[in-house]
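Presented below is the structure to which this report refers.
What follows is calculated from the coordinates using simple rules that are stated; it is not laboratory data. Because the structure is predicted, anything quoted here is derived from the model rather than measured. All Cβ positions, even for glycine, are placed from backbone atoms using ideal geometry, and neighbour counts span all protein chains on display.
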C-alpha cells in the first residue's frame, strides 16, 4: 500500500519549527515562505524568500528547511528554491518585527525582560573585554539568549576575542548582528572602511548617536541578557549608556592592585550620577598558583576587589558583592587573541571556572519585572 501524500497542514507545521538564523523567528511568522508544492510521489518543493540577495546564511536556511520537511510522514524528497523579498515585503517584515514603522530601544521600555549588564572599569588593561566576552559565552552556554554590544567605540576588541568572521546584514533599515559561540554581537569594526587600523575620531554627540543606533536599529530579538563592553573611565559613553539604558546594571572590573581599585571606585560612583544599580564587582588577575610549589603568587597585589566592594557599599548604603575573583592565567589572553573563548576551549581551567561562577551568579535571577516601574496607578474605589 503506497504511503499517503503528506498534507499541507503537516508541511506548514514543520516549517513553523524553522527559525531564520539571523532574525531567530519562525520563517512562517515573518513571511519567508513563498509557497509549497506537494507532488503525488511525495516530493515537496518549498519556495523560500531570502531577506536580501546576498544572504550569507542561505545554505543554512536551505538545510534547516530540508531537514524539517523531511521529517513529515509521506515525504520522499525535498527541494528548496530561493527567491528574494521585494522592498515592500521587507518593509512589512520590518514593521512586524518592530511592532511599528519606527525604531526605538526595546531594552529601555518599562516592560523589557532583558537583563542589561554594562561591564565597566576605571582604567584600561584590567581584562574587562576578555571578561565580558567570556561571560557572554558562558551565559549562552547555559542556554540563555545573549547579545553583546561592543560599546568601546574607540578601542573595540570584541570581534577578535569572540571570533566573529561575518559582517552584519542590513535589511530595510535593520541591522542583523552576526553570531559566534551562541552570542549575537555588534561592534564598530565592520562599519569602518579602513578596517581595524582606521581610528574613530568622534566627539560625544556622534558617540551617543552610534550607541543609540546599535541599540535601536540592530535586531537583537528576545534576549535574556544584553552585555555592554564599556570603554574604561567615566566619559561620554558611560554617560550616554546611563541616559539610553537607565535600567542597566553595572559590573565593575578591577585588579587586586590598590591603585587600580581606587580608579574602579570612581567608575562605580558613576552609577549614582546615572541612577543605575551595581550588580557587583569582579576582581581579575587574582592570585595564581606557582607552577613549581603551588603556593599563591600575587602578581598584582591583593584585596582590590574587596576594597571596591566595601567602598561602594558604604557609598550606596547597600551590600555590593564581589561576584568572583579570576586567577591570572595567560591562557585567558591567548584564547581571546585566537577568538576561542577560554570558557569553551578549556572549561576546566581555573580561570574559566571562576568566570562560569560569575556567570552563574549573574544569571541565577530569572527574567521578570521586579524593580521596574510599570507605569500603573491603583484603581480608585467608589
Under the 7 Å Cα-to-Cβ spin-label approximation, residue 96 and residue 28 lie apart by a distance in nanometres of 1.2
Candidates for percent of Cα pairs over 39 Å apart are [x] 20; [y] 59; [z] 26, and the calculated one carries label [z]
Rounded to the angstrom and largest first, Cα extents along the principal axes for region 84-152 equal 48, 28, 23
Comparing 48, 281, 119 in a Gaussian network model of the chain (Cα, 10 Å), the one with the largest mean-square fluctuation is 48
With only helices counted (DSSP H, runs n ≥ 4, each -39500 (n - 2.57)), the per-residue ellipticity at 222 nm for the chain, to the nearest 500, works out to -10500 deg cm²/dmol
Ranked by GNM mean-square fluctuation in the chain (Cα springs under 10 Å), the top entry among 124, 304, 35 is 35
The extension gain from residue 73 to residue 203, computed as 0.36 nm times the residue separation minus the Cα-Cα distance, is 40.7 nm
To the nearest 10 degrees, the tilt of helix 128-141 (Cα long axis) against the first principal axis of the alpha carbons of the chain is 40
Rounded to the nearest 10, the angle in degrees between the Cα long axis of helix 204-216 and the longest principal axis of the Cα atoms of the chain comes to 40
Which of 140, 248, 361 fluctuates most in a GNM of the chain (C-alpha springs under 10 Å)? That residue is 361
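Quick one: work out the % antiparallel among DSSP beta bridges in the chain, nearest 5.
The antiparallel fraction comes to roughly 25 percent.
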Compactness summary of region 8-98: radius of gyration and Dmax from Cα atoms, Å, are 12.8, 41
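Using a Förster distance of 35 Å, how high is the FRET efficiency between residue 292 and residue 142, based on the Cβ-Cβ distance and rounded to 0.05?
FRET efficiency, residue 292 to residue 142: 0.45.
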Cα-based Debye curve of region 224-336 sampled at q = 0.11, 0.14, 0.15, 0.24 Å⁻¹ gives log₁₀ I(q)/I(0) of -0.39, -0.61, -0.68, -1.34
Nearest-0.05 FRET efficiency for residue 299 and residue 9 at R0 = 51 Å, using Cβ-Cβ distance, is 0.20
The relative contact order of the chain, taking Cα pairs under 8 Å that sit 6 or more residues apart, comes to a percentage of 17
Taking the reciprocal of mean 1/r across every pair of different Cα atoms in region 158-223, the Kirkwood radius in Å is 12.9
Computed over the chain: longest principal axis from alpha-carbon atoms vs helix 87-98 long axis, angle to nearest 10 degrees, is 50
